[in-house]
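Report on the following structure.
The values are calculated or read from the model by the stated rules, or taken from the named source; none is laboratory data. This is a predicted model, so every value here is computed, not measured. Cβ placement follows ideal geometry from the backbone for every residue including glycine, while neighbour counts extend to all protein chains displayed. To get the accessible areas, we keep the full protein, side chains included, count just its heavy atoms, and leave off ligands, DNA and RNA. Shrake-Rupley method; radii C 1.70, N 1.55, O 1.52, S 1.80 Å.
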Amino acid sequence: MPNDALLITRAVHFAAVHHKDQHRKGADHDPYMNHLAEVAAYVATADAAPDAEVIAAAYLHDTIEDTAVSHEDLVHGFGRRVADIVAEVTDDKSLPKDERKRLQIEHAPTLSREARLIKIADKTSNVRSLVHAPPEDWPHERLVDYVAWARQVVDRIRGTDARLEDTFDRIAAETDRRFADGPSSAAPRAK
């Protein structure tokens, strides 16, 4: 549908503009837009194919949290539903990191199905990046702790989408295998 394609391409452009100077924390410093595209691609593979608004929200999922974009900006540009889905997956950056992480676990079951899809896809993308390009300044223990925390979040919303959950589980298991032998096993693979 032309309107669906237009909504998604507008979301891609909006996200690219607002995240243009951001990069992933990983050793390869990928443009942040790569993460957003990966999350949207995971969401698009969900068992019950999500509509264009959910895919648009996946591209926009970090705009409120990580840029100067407001909820109202998203309402104006993409409609209330997209803005509300993004708001559901947005952390309150005024809180300490440990509190934000605790709240993600606590609030995960209260998310809408659409927000749950994005949450699972986001955790999958983040865990995958730890295997392929871990941040250079993260010690082994922090990498392992992140994966354990991501599992806690996903475990609280199991039953949302079998395909996305299976993808998360497969990537988390790969991470476990990679990190099993300690710090040297977490080093990035040669390209």
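Some notes on this structure:
- With contacts taken as Cα pairs under 8 Å and at least 6 residues apart, region 27-130 reaches a relative contact order of 30 percent.
- For region 142-151, 3J(HN,Hα) computed residue by residue from phi via the Karplus equation (6.51, -1.76, 1.60; θ = phi - 60°) reads 5, 4, 5, 5, 4, 4, 4, 5, 4, 4 Hz, glycine and proline entered as x.
- For region 43-146, the fraction of 1.4 Å probe accessible surface lying on carbon and sulfur atoms is 51 percent.
- The chain - Kirkwood radius from inverse mean 1/r over Cα pairs (Å): 17.0 Å
- Amide hydrogen neighbours beyond the local backbone of HIS23, cut-off 5 Å, H modeled: TYR32
- As a length-normalised measure over Cα pairs under 8 Å and 6 or more apart, the relative contact order of the chain settles at 23 percent.
- Per residue, the solvent-accessible area of the chain (1.4 Å probe, heavy atoms of protein chains only, all protein chains present) comes to 50 Å².
- Annotation for THR110 and SER94: the two label points, set 7 Å from Cα along the Cα-Cβ direction, are 1.7 nm apart.
- Against the main long axis of the alpha-carbon atoms of the chain, helix 97-107 sits at an angle near 60°.
- Magnitude of the charge dipole, the chain, Cβ model with Lys/Arg +1 and Asp/Glu -1, debye to 20: 280 debye
- Principal axes of region 1-97: Cα extent on each, largest first, Å: 38, 29, 25
- Calculated FRET value between LEU6 and VAL75, using beta carbons and R₀ = 30 Å, to 0.05: 0.95
- Taking every lysine pair in the chain that is 8 or more places apart or spans two chains, those with Cα atoms closer than 26 Å amount to 20.
- In the chain, the longest principal axis of the Cα atoms and the axis of helix 2-18 are about 60 degrees apart.
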